[in-house]
Each structure stands twice: as structure tokens, then as C-alpha cells.
1. Please specify each residue of region B:184-209 satisfying the condition of being under 15 Å from B:Leu275 (Cα atoms), surrounded by fewer than 18 Cβ atoms within 10 Å (Cβ to Cβ) and at pLDDT 95 or above.
2. Hey, among B:Asn68, B:Asn122, which residue is within 25 Å of B:Ser162 (Cα to Cα) and either in contact with an Asp or Glu (Cβ under 8 Å, 6 or more places away or on another chain) or of a type in the set (D, E, K, R) (or both)?
3. Search region B:158-187 for residues being of a type in the set (Val, Ile, Thr) and outside any helix (DSSP H, G or I), and hand back the single one that is nearest to the chain's Cα centre (by Cα).
4. What pairs can you find where one residue is in region B:190-217 and over 29 Å from A:Ala263 (Cα atoms), the other is of a type in the set (A, V, I, L, M, F, W, C) and outside any helix (DSSP H, G or I), and their Cβ atoms are less than 8 Å apart, with a gap of 6+ or different chains?
5. Restricting attention to region A:42-65, which residues are within 13 Å of chain B (Cβ to nearest Cβ), farther than 15 Å from A:Met190 by Cβ and surrounded by 16 or more Cβ atoms within 10 Å (Cβ to Cβ)?
6. Just to verify a result, which residue in region A:292-319, among those that are in contact (Cβ under 8 Å) with a residue 60 or more places away in the chain and assigned to a loop (DSSP other than H, G, I, E, B), is nearest to the other protein chains (Cβ to nearest Cβ)?
7. (1) surrounded by fewer than 23 Cβ atoms within 10 Å (Cβ to Cβ); (2) more than 8 Å from chain A (Cβ to nearest Cβ): which one isn't true of B:Pro124, the others all being true?
8. Of everything in region B:242-278 that's surrounded by fewer than 24 Cβ atoms within 10 Å (Cβ to Cβ) and polar (S, T, N, Q), which residue is nearest to B:Gln299 (Cα to Cα)?
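The values are calculated or read from the model by the stated rules, or taken from the named source; none is laboratory data. It should be emphasised that the depicted structure is a prediction, and the values quoted were computed from it without experimental measurement. Virtual Cβ from ideal backbone geometry, glycine too; neighbours counted across all protein chains shown.
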Amino acid sequence: MNAPPTSDDAERAGSQRGPGGRSGREGGGIARLLRWDAALGVLLVAVFLAGTGTTDGFADAANLSSALNDTVEIALLALPMTLLVVAGQVDLSVASMLGLSSALAGSLWDGGWTFELIVPICLLTGVLGGLLNGWLVTRVGLPSLAVTIGTLALYRGLASVVLGNKAVADFPETYAQWARSTETVPGTFMPYPMALFAVLAAAASVVLHRTSFGRSLFAIGAQEEVAYFAGIRVKRFKLVLFAVSGLMAAFAGLVYTLRYGSARADNGLGLELTVVASVLLGGVDFDGGKGTLGGAVAGVLLIGVLNNLLTLGDVSHEIQVIVTGGLLIVSVLIPRVIAVLTDRRHRRLAAS
Amino acid sequence: MRSRTHTRVLAATSAVCALALAVAGCSGTTKGDSEDDAKGKAHNAEANPDAPLKKGLKLAFLPKQINNPYMKVVDQAGIKATEGYGGEAKEVGPSDAKASSQVSYINTLIQQRQDAILIAANDPNAVCGPLKQAMKQDIKIVSYDSDAGKDCRHVFINQAGSEAIGRGLVRDMAKQIDNKGQIAVLSATQNATNQNTWITFMKDELKKPKYKDMKLVKTAYGDDVDQKSFQETQGLLKAYPKLKGIISPTTVGLAAAARYLSGSSYKGKVVLGGLGTPNQMRKYVKDGTLDQFSLWDPQNLGYLGSYAAAALSSGQITGKEGEEFEAGKLGKRKIGKDGEVILGPPTVFDKDNIDDYDF
């Protein structure tokens, strides 16, 4: 069988998962069909078709462009987040780093710096912030959840220090036009930031599922100690992941700033939870070691499309939040239920 | 061996960075280059003051956030006014007062082909792009309560001049504390456009010689969240034991501060003032937690907004200075400088008149 290597392979490499693990081992073809990320893809298509059929203006190219563009920062942040969660880590400081990058861009732009110089400075800040997270996790040995809750507050605080309560606008049209939903890749409804996301997602997918680096991440997430003794440079890899996450957050901050044409210290406040929710909805296991990048992308798009559809249908924001929350719980629940059921069936078969 | 590789990588990275910075720094795009980029052309149509109000207009109110009681009153009054002249209106919006959340709502309202969008902007710049997009598709934009950028709307319904509000709040406070002592401000979010404008005017008013014994010691931010505002009030009173007064220029903040004061030993000793709605504040005015507060009539704000949107959609006005339109029970209204229509001076509520109001 030359199917692409998936989490299941790594699971084998990681060895010894409890009975709660997904039963990719024995299930063969049927289990593959039952995979959550595949089901999510089907659900996404179904929601899309249902929306086209029932809601006026949904399938309109302009609407799709703006709906896609509205999720672009979440989508970008979800890529490194997927890799982190697969490796059993999480970075909750991404939205604050997005805000810091935005505030920094605003403050420097206001101070008369050239935009071409601001971009590398912001990206560098992102890398440094990510390295600080990574350093605290790998060298000091603190859990990533605790560390990044701390830096979540720290980076947002720095953003307020950098820009205060000002809002800086009037960013250069030369760059701002690329971030808008009205400018699309010719012949499609794909706005440029989303097109860039597609390219990055493909690259991240290759890294996660086709390289030894990606496979190491699954191993680290499944059984960190085993991975360490198997010769995987656990700390180095984690550090790299956090740095990339910081970099991406800073980049998303620039996209956000240009897209809304407004740099503020509170930009992207609370976005980290949407990012984590999308990744989990995509079937990536919060305990690490399991998940696919395609699933995470489907999760992001599903939340985006669903929100757009519900807004078009004048469904109130409270109900939208309930729908997303419900979906999230289902996404965590269903794979476990399936696992328990198949496990029971296997045991029955073995007993008879 | 390892360390040598490290040094090499480090050197290479710094070289690349330096090069990038040098290239970028030489011939870049700065703020000066793009000053005129954003300026669009907006109003070019001719106004016809005698055009009848169109029937069946579709209006959408997009408040700062939907669960804010004050915004609800404004929007409900606006929706009722719209039904009064045969149009239909609805209220949609985010449950958080974030700039970005409003943008996706504007995009969907464009898709729904509304005749006009009435918006209380959370950030004047962030909503600008999508609003311009709407204007291109002949959707009329009225901002109310909190303005969007001047180029991004046809008319702004200003509840009262920002200057009058800011200076008035300081004057009212000064009267109650005999122009002496420390005061603090409990605001909404750090980036709230309205509140920041008013606070600027408050600070300016405090510079006058007659207030030389009054000192603004701190501006706290309750984020327009009830619990946070409550805690910030508590914090202010702990941190500044000599505090004489608190001004809260936001309805959420004022109600939360009053709730804290009424249950604390500071009740009656610390003067509270600001902007609030009579229904939220009635209890506290009657039990002596505060003597007075002020607000414009939010129902009239929504009412005027609705009529301005209808007048725009029917072609009676285009948003130019000097144009006039009929605003139902509020009579003829004139568009002032920068497309602003001013509702009128704020009302001061105290225990003598509070029962005359229900909102």
C-alpha cells in the first residue's frame, strides 16, 4: 500500500498508545474513510453547496472573496499552530504577536520610516518573540501552555506600550491593495493573501507529511521521551517551531494592518482561540501525535464559510458562536467514540 | 566543530539582514508619499430636495456591539422610525466591540443589497475600505454615535458636539467638588474613538486656571465590560485614597462604577459623574450614589439617523454642507461642516427629572 504516510505511521513509530488512540492499525480501508479530516472535507463541500442553494449572494464571487479574506489571518496562523499541536505544544501568544507587529508597524510608519524597512523589523520581532517562547519551553523546561499564556499578556502589553491608544492609518496603497478582497488573482475569486496561504499550506503539508522533520514532530507529540532516545533533536525542533510561529504571527500582523488599513494595539485581540479551535476542529489531537494539515485547513475554511453563511442569513452573532462551539465539541468527541466502538468490536471478534 | 558552524550561520544571517535593511532603507515608501492615496471622490450626484421619500427602503443598523443596552435603544428607535415611513430596517452586528468584526458584517450587508447602512464605527479607519466598496455600489452610508473616516460615509449624525461633552463633564464634576481634589476617568477601551476625543477635551478644559486645584490622576479602561469596569473602579479607589471624583464617559462604565460605589464605604464621599442611561442609573440616583449624569436622547439619535439615511437614499440630500432634509418630528435639519448633523445638547438627569425618561 503506497498511501501517503500519515499520522498512523508515526503512531506506529511512537508506539504504545493507549486504547483511546485511533485504530488506524487494524481498520484498513473502512477506518480510512471514517477519518475525521476526510469527513470534514465532505462537510465543507456540503455546507458550500447548501449555501449556494439556499442563500442569495453566497456564491457571488465578491462574497466568496471577502469571506475568504476575512479568515486569512486565522488560516495563516493555523499552519504553524498545526505543526505545534502535532508536536504536543501550543502557542497562545500568536494573536498578541500579531497585535505587537501591527502596533510596531503603525508606530514606525507614523515616525516616517519606510515601509520596506518596517516589514523586516516586524518579522524579526516575530522571530525573536517566538524564540523567547521556544527558549522558555525547551531550555527552562516550562510547559508551552503556561509560557504562551504569559507571553500572550506580555506581547499585548508591549503592543500597548509601542502604540498607546493611537490608531495609525494611511498605509501605502502600493502594498495595501494586495491585502484587499477586491484585488483577486486574475480569473478567480481568490484574494492574494489567500493565494499565498494556499501555497504555504501546500508547503507545510509536504513538510509535515513527507519529510523526516514532519515525522519527527508526530513522534515528539506521541511519545517525547521515545522520540528523544530515537535520536530526534526534540528541543531543537520545538525551538524552530516556536520561531516559525512567531514569524508567521508577525507576518499575519502586517497582513491584518494592511487589510484593515489600521494599526492598533488591540488588533486581533482574542484571535488565538479561534486559531486553536480551527485546528482542533480539523481533527488535530490536542495531546499531540495525531492530525493532518488538510484537516486543519478544512477546519479553518469550515468556520469561515459557516460564519459568512450565518451572517448572510441574519443569524445573530450569539447563535454563530454556539454553532462553532458545538461543532468543536463534536469534532473532539466523534473520533473518540469511533475509536471506542471499533475497539469494542475488535475485542468481541477476538473473543468469539 | 559545532560552534564554528554556528558562527558561520550567524555571520551569514547578519550579512543578509544588513543587506536587506540597506536596500530597503535607501528608496522606500514613507508616510509622506502616500498622503493623497486614500483620498477618494465621493459626493458628485445632484441633490433634489423635493424628491419624495422612497417606499420600501432597506436599512441596516450596525452598532458597535449588539449587547450594549444603549446601542439597542438607539437602533430600536431607528428601526421604528423606518417602519413609520414604510421602510424596513434591522440591526446586525458583532457581540464584541472590535473594529475587525464590523468589517465582515459590512461585506455581507453589501451582498444583501441594502439601500443604506448606518454604522457606529469601532475604528474610523478599519471600516473605511469596505464602506467605500459599499458606496461604489450606491449604498448610502450614515455613521452615528461614533464616526467613520470622512471619506467613507455620506453623513455623520453627531449626538452632540464632542467638545461640549468633554468640557461639560469636567464642569459638572468641578461644580460638585468645588474645583478641588483628585479625579479619575473610567473609560471604555483604550482605543475607543469617542471616549478618547472626549478625554482630550476634558484634559484641555482642566488646563484652565480655575481648575488649578483639580488633578486628573489616572485614566482607567474598563473595556466596556461590566465586570472589568467594576474591578477598575475598585482599583482606582484603592490606589488613590484621596480621590474626590470619577468621570465615566461610557454607559457601561458608569453603571458598573455606580454599582461598586453603592455597596462600598465610598458611597456619598466620592462623586460620580459621566454618561449613562436613566433606566440603568435610576436606582443609584435615588439611593444617593450619584447626583447627576448626562446623555443625549438616544432614541432621537436613532430616529434622526433613520431619516438621514432615507433622505440620502431618496436623493433629497447627497451629504454636502448646507443641504437640508425633513426629519419627521425633529423638523428640518441642516448638514454642517464635514457632513455632520448635530442632534443637540445633552440632557442632564437628576432625581427631579429622571422619572420622565424611559430608556
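1. None - no residue of region B:184-209 is under 15 Å from B:Leu275 (Cα atoms), surrounded by fewer than 18 Cβ atoms within 10 Å (Cβ to Cβ) and at pLDDT 95 or above, so the list stays empty.
2. B:Asn68
3. Only one residue fits best here, namely B:Val185.
4. B:Leu206/B:Met214; B:Leu206/B:Leu216; B:Met214/B:Ile177; B:Met214/B:Ile183; B:Lys215/B:Ile183
5. Residues satisfying the conditions are A:Gly51, A:Thr55, A:Phe58.
6. Looking at the filtered set, the residue picked out is A:Gly313.
7. (2)
8. Filtering region B:242-278 for residues that are surrounded by fewer than 24 Cβ atoms within 10 Å (Cβ to Cβ) and polar (S, T, N, Q), the one nearest to B:Gln299 (Cα to Cα) comes out as B:Thr277.
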